[in-house]
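In what follows, a single structure is set out as structure tokens and then discussed.
The values are calculated or read from the model by the stated rules, or taken from the named source; none is laboratory data. This is a predicted model, so every value here is computed, not measured. Heads up, the Cβs are rebuilt from the backbone with ideal geometry, glycines too, and the neighbour counts pull from every protein chain shown.
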């Protein structure tokens with residue numbers, strides 16, 4: 001297995017001001033929050049993070065991930081291959097008041113609190129997790145599992161013995 005270096009921890013404001021850029025490839029076992037939904041560890045995540053400054057002078061990050069992995073199909077419990085790209089712009093803001101105000105402006109841009117240190121591995125993992133389907137399934141006729149015909153026998157009810165007590169035995173006299 002090829003070893004993939006984890007992305008660095010950055011100062012996001014400086015990264016944006018300097019218009020820095022980092023790319024790489026991650027093995028799926030480097031993303032522990034995916035472990036519960038993966039069918040296997042075949043695949044990878046490519047990433048690209050670029051810093052820039054918005055028109056308002058705010059530091060921002062453009063995050064792009066390319067995902068190729070196998071999920072556990074919730075219908076047949078077999079491997080569901082999934083491949084997609086996701087992109088997001090994250091604007092760094094000073095306080096929570098600015099986060100709330102920024103959310104109303106543009107649906108394509110998200111705001112996050114400006115922090116002194118940002119772990120890019122954690123950020124990339126969050127982007128992948130947020131992009132996954134909630135209940136992954138093959139297309140309607142795409143599942144490998146076939147319905148199994150099961151013969152079901154219905155046992156006699158325990159009360160059927162009581163029915164025999166209601167009627168008198170054959171040849172008995174009734175008063």
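Quick rundown of the values:
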read-out	value
Qualifying helices (runs of 4 or more DSSP H) (wholly inside segment 85-175; at least 2 residues being in contact with a strand residue (DSSP E or B) (Cβ under 7 Å, 6 or more places away or on another chain) and modelled with pLDDT under 75)	96-105
Residues that are crowded, with 17+ Cβ neighbours inside 10 Å and closer than 20 Å to residue 118 by Cβ, drawn from segment 36-51	45, 47, 49, 50, 51
Qualifying residues in segment 71-84 (those that are buried (at least 19 other Cβ atoms within 10 Å of the Cβ) and assigned to a strand (DSSP E or B)) - the one farthest from the chain's Cα centre (by Cα)	80
Only one of 27, 5 that is over 15 Å from residue 91 (Cα atoms) and at pLDDT below 90	5
Criterion (outside any loop (DSSP other than H, G, I, E, B), within 14 Å of the chain's Cα centre (by Cα) and either surrounded by fewer than 17 Cβ atoms within 10 Å (Cβ to Cβ) or without any contact (Cβ under 8 Å) to a residue 12 or more places away in the chain (or both)) met by exactly one of 33, 14	33
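A quick yes/no check of all residues on (1) farther than 26 Å from residue 134 by Cβ; (2) touching a residue at least 40 places away in the same chain (Cβ under 8 Å); (3) not in a helix (DSSP H, G or I):
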position	(1), (2), (3)
7	yes, yes, yes
22	yes, yes, yes
29	no, no, no
40	no, no, yes
45	no, yes, yes
52	yes, no, yes
56	yes, no, yes
65	no, yes, yes
